[in-house]
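Engineer: One structure, pasted below without further comment.
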Amino acid sequence: MANVVVVGLLWGDEAKGKVVDFLAEDADYVVRYNGGNNAGHTVVVDDQVYKFHTVPVGVLHPKVTAVVADGVVLDPQIFTGELNALKERGITPDRIKISGNAHVLLPYHRLIDSLEENSKGENKIGTTGRGIGPCYADKMSRTGIRMCEFVDPVRFRERLFSCIERKNAIITNIYGGEAIDAESVYEEYKVYAEQIRPYVTDTTKLLYEASKECAGIVFEGAHASLLDIDHGTYPFVTSSHCVAGGACIGTGVGPTMIDRVIGVVKAYATRVGEGPFPTELLDETGETIRRAGNEYGTTTGRPRRCGWFDSVAIKYTSAVNGASCVALTLLDVLDGMDTVKICTHYEIDGKKVRDFPTDVSVLAKATPVYEEMPGWKRDISEVKLFSDLPVEARNYLARLSELIETPICIVGVGKRRDQTIVLDSEMLEM
Ligand code: IMP
């Protein structure tokens, strides 16, 4: 069976959860490799809506083992809440495995995230306020607390008290904030640790052995390529490796073991938080897309910024991920449009540009240049075959694929699992 990475190609919220859920049907493992509960995946099964933040979407499938791997930062308060919510809905979480190497997100990370953002004024990043950046910063400066320590009460207590002492110096002296009480954090978090302990294991070994036994593994990318700490629109990014390569870094599975990469992108563009967004629509058309696509954050409820499909950005991210094909989602959102636009290139300082600039000061100067195509003005949400799509929709997809230099293998026309048109079934084989 295959090892497939599913990764977002823009700034997140591309409906990756739906694609992962689709593949998970035939998979043995679904693995989260980056990020934390700043991610939000919504999956609709038989009119039941499931919202995920840390738990891999694959948990909905009874034979799938859902893995939270090394590269994830895990907030125990949120995670135990998700476990309890799953249990209440009759889903047994015993198939969840958490890496002992994953880092623990603690209350001081959240507090420092908001204090840092507030201190930045106009230069704020627009973080989700979940403490993600400060937690990854601790990991990189080798002062973080990992799962293996967290579930050992003696080690956890020792590490927590020493970390909080240092953090309190920053919180009070630099930001004028209120110190955190280590004892009360310990009392609250040791209860979460008890609940989480049975799930913690050596996930690197688990996945290596699974690969040797030819299990089918789906790597569920969180956030998206332009939010990647190295390859995104820095500093308006998250703090993890969101691109497909992150699947190897964040799990310990070697690059030669990955068979395929599916890049997921919407039929239009969205972004939350700050940072340049060349095809953003600040007019009525942007509002129409937001309403039709219900473009409000799963995690924060924030309205998403909306715009036209940006082929310059997607050509770049498809290349950076080595995407084998693209899953194009939410095509039905454009059903009502008289015409649809695709950004074919930018103009920057009077020059035509087809290569995406990751220097945000250059990107901020980009003026999008559009090609306009006729819309299909028809409800496509129940179309099952590519050949049954209106010719205008087929032409739109063909032009996108040409511009991003990547074939399209799936088209999403609605939230439900069965609202999916498959163009290349080989790409979806597990
Ligand atoms: P952080 O990840 O909370 O530090 O936020 C950094 C930036 O990434 C902000 O602009 C967030 O809005 C954005 N971001 C983080 N996770 C997601 C996501 O899953 N979807 C969309 N944007 C996200």
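Engineer: Hey, can you tell me all the residues within region 382-422 that are in a loop (DSSP other than H, G, I, E, B) and in contact with a strand residue (DSSP E or B) (Cβ under 9 Å, 6 or more places away or on another chain)?
Structural biologist: Correct list: VAL383, LYS384, LEU385, LEU389, THR406, PRO407, VAL413, GLY414, LYS415, ARG417, GLN419.
Engineer: I would also like to ask the following. Would you mind telling me which numbered condition in (1) under 21 Å from LEU23 (Cα atoms); (2) outside any strand (DSSP E or B) VAL44 fails?
Structural biologist: (2)
Engineer: Given the options LYS341, LYS352, name the one that is part of a strand (DSSP E or B), touching a Phe, Trp or Tyr at 6+ places or on another chain (Cβ under 6 Å) and of a type outside the set (Ser, Thr, Tyr).
Structural biologist: LYS341
Engineer: Please specify each residue of region 225-236 satisfying the condition of being aliphatic (A, V, I, L, M) and surrounded by 24 or more Cβ atoms within 10 Å (Cβ to Cβ).
Structural biologist: LEU226, LEU227
Engineer: Name the pairs whose Cβ atoms lie under 7 Å apart, with the first residue in region 3-23 and within 19 Å of VAL312 (Cα to Cα), the second near the ligand (Cβ under 10 Å from one of its atoms) and of a type in the set (Phe, Trp, Tyr), and 6 or more positions between them or separate chains?
Structural biologist: none
Engineer: Continuing with the same structure: If the requirement is being farther than 29 Å from THR358 by Cβ, among the charged types (D, E, K, R) and within 16 Å of the ligand (Cβ to nearest atom), which of these qualifies: GLU14, GLU88, GLU25, GLU82?
Structural biologist: Within the list GLU14, GLU88, GLU25, GLU82, the selection yields GLU82.
Engineer: Go through VAL31, VAL4 for me and flag whichever is in contact with a Leu (Cβ under 8 Å, 6 or more places away or on another chain), at pLDDT 95 or above and closer than 13 Å to ALA66 by Cα. Give the steps one after another, and end with the answer.
Structural biologist: Details: VAL4 fails: closer than 13 Å to ALA66 by Cα.
Every option except VAL31 fails the conditions.
Engineer: Is there any pair with a first residue in region 207-236 that is hydroxyl-bearing (Ser, Thr, Tyr) and a second that is near the ligand (Cβ under 10 Å from one of its atoms) and part of a loop (DSSP other than H, G, I, E, B) whose Cβ atoms are under 7 Å apart and which are 6 or more apart or on different chains, and what are they?
Structural biologist: Correct list of pairs: SER225/GLY232; SER225/CYS242; THR233/GLY275.
Engineer: Criterion first (charged (D, E, K, R), at pLDDT 95 or above and under 21 Å from VAL272 (Cβ atoms)) does ASP138 satisfy it?
Structural biologist: Judged against the criteria, ASP138 is not a match.
Engineer: Within the set of pairs 6+ apart or on separate chains, which have a first residue in region 160-189 that is in the same structural domain as TYR108 (by TED's automatic domain parsing) and farther than 17 Å from ASP113 by Cβ, a second that is surrounded by 13 or more Cβ atoms within 10 Å (Cβ to Cβ) and among the aromatic types (Phe, Trp, Tyr), and C-beta atoms under 7 Å apart?
Structural biologist: LEU160/TYR186; ALA182/PHE161
Engineer: In addition: Any residue in region 375-396 that's assigned by TED's automatic domain parsing to the domain that holds PHE309: show its pairings with residues that are assigned to a helix (DSSP H, G or I) and surrounded by 13 or more Cβ atoms within 10 Å (Cβ to Cβ) at Cβ separation under 6 Å, as long as the two are six or more apart or on different chains.
Structural biologist: Matching pairs, first to second residue: TRP376/GLU392; TRP376/ALA393; ILE380/ASP332; SER381/ASP332.
Engineer: Give the number of residues within region 242-270 that are crowded, with 24+ Cβ neighbours inside 10 Å and not hydrophobic (A, V, I, L, M, F, W, C).
Structural biologist: 7
Engineer: Could you identify the single residue in ASP94, ASP13, ASP75 that is among the acidic types (Asp, Glu) and surrounded by fewer than 24 Cβ atoms within 10 Å (Cβ to Cβ)? Working first, answer last.
Structural biologist: Numbers: ASP13 fails: surrounded by fewer than 24 Cβ atoms within 10 Å (Cβ to Cβ); ASP75 fails: surrounded by fewer than 24 Cβ atoms within 10 Å (Cβ to Cβ).
The unique qualifying residue is ASP94.
Engineer: Next question, about the same structure. Given the conditions (1) within 27 Å of ALA247 (Cβ to Cβ); (2) in the same structural domain as LYS190 (by TED's automatic domain parsing); (3) free of Cβ contacts under 8 Å to residues at least 60 places away in the same chain, which single one is not true for SER119?
Structural biologist: Answer for SER119: the failing condition is (1).
Engineer: Would you check if ASP338 is without any contact (Cβ under 8 Å) to a residue 60 or more places away in the chain and away from the ligand (no atom under 16 Å from the Cβ)?
Structural biologist: Details: without any contact (Cβ under 8 Å) to a residue 60 or more places away in the chain: yes; away from the ligand (no atom under 16 Å from the Cβ): yes.
Criteria met by ASP338.
Engineer: Is it fair to say GLY273 is surrounded by fewer than 20 Cβ atoms within 10 Å (Cβ to Cβ) and part of a loop (DSSP other than H, G, I, E, B)?
Structural biologist: In short, no.
Engineer: Looking only at region 104-133, which residues are within 14 Å of the ligand (Cβ to nearest atom) and not in a helix (DSSP H, G or I)?
Structural biologist: LEU105, LYS124, ILE125, GLY126, THR127, THR128, GLY129, ARG130, GLY131 - these are the residues of region 104-133 that are within 14 Å of the ligand (Cβ to nearest atom) and not in a helix (DSSP H, G or I).
Engineer: Give me the pairs: first residue in region 266-282 and assigned by TED's automatic domain parsing to the domain that holds VAL333, second residue part of a loop (DSSP other than H, G, I, E, B) and surrounded by fewer than 20 Cβ atoms within 10 Å (Cβ to Cβ), beta-carbon distance under 6 Å, and six or more apart or on different chains, which are they?
Structural biologist: If the second residue must be part of a loop (DSSP other than H, G, I, E, B) and surrounded by fewer than 20 Cβ atoms within 10 Å (Cβ to Cβ), the pairs left are VAL272/GLY297; VAL272/ARG302; GLY273/GLY126; GLU274/ILE125; GLU274/GLY126; PRO276/ALA364.
Engineer: Another question, if that's okay. Considering only residues of region 263-288 that are under 19 Å from the mean Cα position of the chain (by Cα) and farther than 21 Å from THR238 by Cα, which is nearest to the ligand (Cβ to nearest atom)?
Structural biologist: Step by step, filter region 263-288, then rank; the result is TYR268.
The values are calculated or read from the model by the stated rules, or taken from the named source; none is laboratory data. Everything numeric in this text was worked out from a predicted model, so none of it was measured. Glycine gets a Cβ as well: all are built from the backbone with ideal geometry, and neighbour counts include every protein chain shown.
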